[in-house]
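Written below as C-alpha cells is the structure these notes are about.
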Amino acid sequence: MTGFDLPAAPQAPSPAQGPSAEAATTAARAAPIGAPTVTQAVILAGGQGSRLRPYTDDRPKPLVEIPGTGTPIVGHQLAWLAAEGVTDVVISCGHLAEVLQAWLDQAELPLRARTVVEAEPLGRGGGLKFAARALPRPDEPWYATNGDIWTRFSLREMAAFHHERDALATLALARPRIPWGAVETDRFGNVLDFIEAPPSPFLINAGLYVFAPGFAELLPDVGDHERTTFPQLARARRLAGYQLPQGVYWRAIDTAKDLTEAAKELASLQRS
C-alpha cells in the first residue's frame, strides 16, 4: 500500500440502526452525550501463541485461562464488550479455530458472536480487514482488540474521544511498567536510588481500537496496519491516541509469566 484517499468524516449513527432498538437505546443512554453508539467489534484471535506453550498446544491463545478466574481470556473480553454496549462480535480465527468455535457453541454468551477463519495468516492488518467484512453494520463505527488483551476501562469514553477528534482510527495507549529495576544516578555518577519496575517513559499501542465506518477499506489485504495504514493516517492527522486513565488495569497475555503475573494482580485487585 503506497497511499489511499481518505473517506469523509464519519457521522454518528442512529441508535435504531442496531440489531435491536431496545439494545441500542440502552447503549445510547449509557454513552457520553454526543458520542457515537458503537455496538459491534472484532477480536483478532488467529495467532499461533507460540510463546504461551504448552498452554497453546491444544487451544488458541484466547482460550487460555487466567489462573484463578475459571474463564478464558476471550470470555472476559466478551463479557466486557457486552457491558460496554456491544451486541455483535466477529472473531478472526486461525490456529486451532475449531477449538474456539466449539467453545463458543457451548458457552452462554452475553452477545452475538460469529467466527471467520483465515485460510492462511493475513497479519494483523489483513486479519482486521478480513473480519470487518463480516460485521453486521458496515455503515457504523466498530471496536477491535487483540485476542490476548486483559483490561477494563470505559470503551464508551474512548468512542467519545474518537468522535470529538473526527478521527478515522483511535488506538488506546498504555504506559507499561519496565520489567527490570531502574537505577537513579546524579550527573556525577553517584547512585541515588533503586526503583523496582518503574513506569515506562513511553506510551505503547495497547491493542484496542475504535474505527470509523469505511476504515477497513484502508487496511492492507495482507500485512500489519501499524506499518502501512497507521503511519499514513498519522501524517494526515486522522489517527488519534487515547491514553488509558490512570489506575486502569491493562496487560497483554503473551507468555506463561504474563499468566502468573495477571493472576497475582487480579487477586490483589479483588482484595483491595
Cβ-Cβ under 6 Å pairs, at least 6 apart or on other chains, the stretch 122-135 side at pLDDT 90 or above, far side part of a helix (DSSP H, G or I): 129/216; 132/216
Report, by residue number, each residue of the stretch 204-228 that is open to solvent by 40 Å² or more (accessible area, probe 1.4 Å) and closer than 16 Å to residue 151 by Cα. 204, 205
Which one is nearest to residue 101 (Cα to Cα) among residues in the stretch 56-76 that are open to solvent by less than 10 Å² (accessible area, probe 1.4 Å) and in a loop (DSSP other than H, G, I, E, B)? 60
Taking the stretch 216-255 and keeping residues free of Cβ contacts under 8 Å to residues at least 60 places away in the same chain and outside any loop (DSSP other than H, G, I, E, B) leaves 231, 234, 235
Take the residues in the stretch 96-128 that are β-branched (Val, Ile, Thr) and farther than 16 Å from residue 71 by Cβ, then tell me which one is least open to solvent (accessible area, probe 1.4 Å). 116
Being among the charged types (D, E, K, R) and not in a loop (DSSP other than H, G, I, E, B) is the requirement here; does residue 114 meet it? yes
When the residues of the stretch 129-149 are filtered to those that are assigned to a loop (DSSP other than H, G, I, E, B) and of a type in the set (Lys, Arg), which remaining residue is least open to solvent (accessible area, probe 1.4 Å)? 137
Could you tell me whether any residue of the stretch 150-158 is of a type in the set (Phe, Trp, Tyr) and either part of a strand (DSSP E or B) or over 25 Å from residue 221 (Cβ atoms) (or both)? yes
Any residue in the stretch 188-199 that is polar (S, T, N, Q), assigned to a strand (DSSP E or B) and either open to solvent by 50 Å² or more (accessible area, probe 1.4 Å) or touching a strand residue (DSSP E or B) at 6+ places or on another chain (Cβ under 6 Å) (or both)? no
Considering only residues of the stretch 163-186 that are over 16 Å from residue 216 (Cα atoms) and under 15 Å from the mean Cα position of the chain (by Cα), which is most open to solvent (accessible area, probe 1.4 Å)? 173
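The values are calculated or read from the model by the stated rules, or taken from the named source; none is laboratory data. Small disclaimer: the values here were computed from a predicted structure and weren't measured. No Cβ is skipped: glycine too gets one built from the backbone with ideal geometry, and neighbour counts run over all protein chains shown. These accessible areas exclude ligands, DNA and RNA; they are computed on the full protein's heavy atoms, side chains included. Shrake-Rupley method; radii C 1.70, N 1.55, O 1.52, S 1.80 Å.
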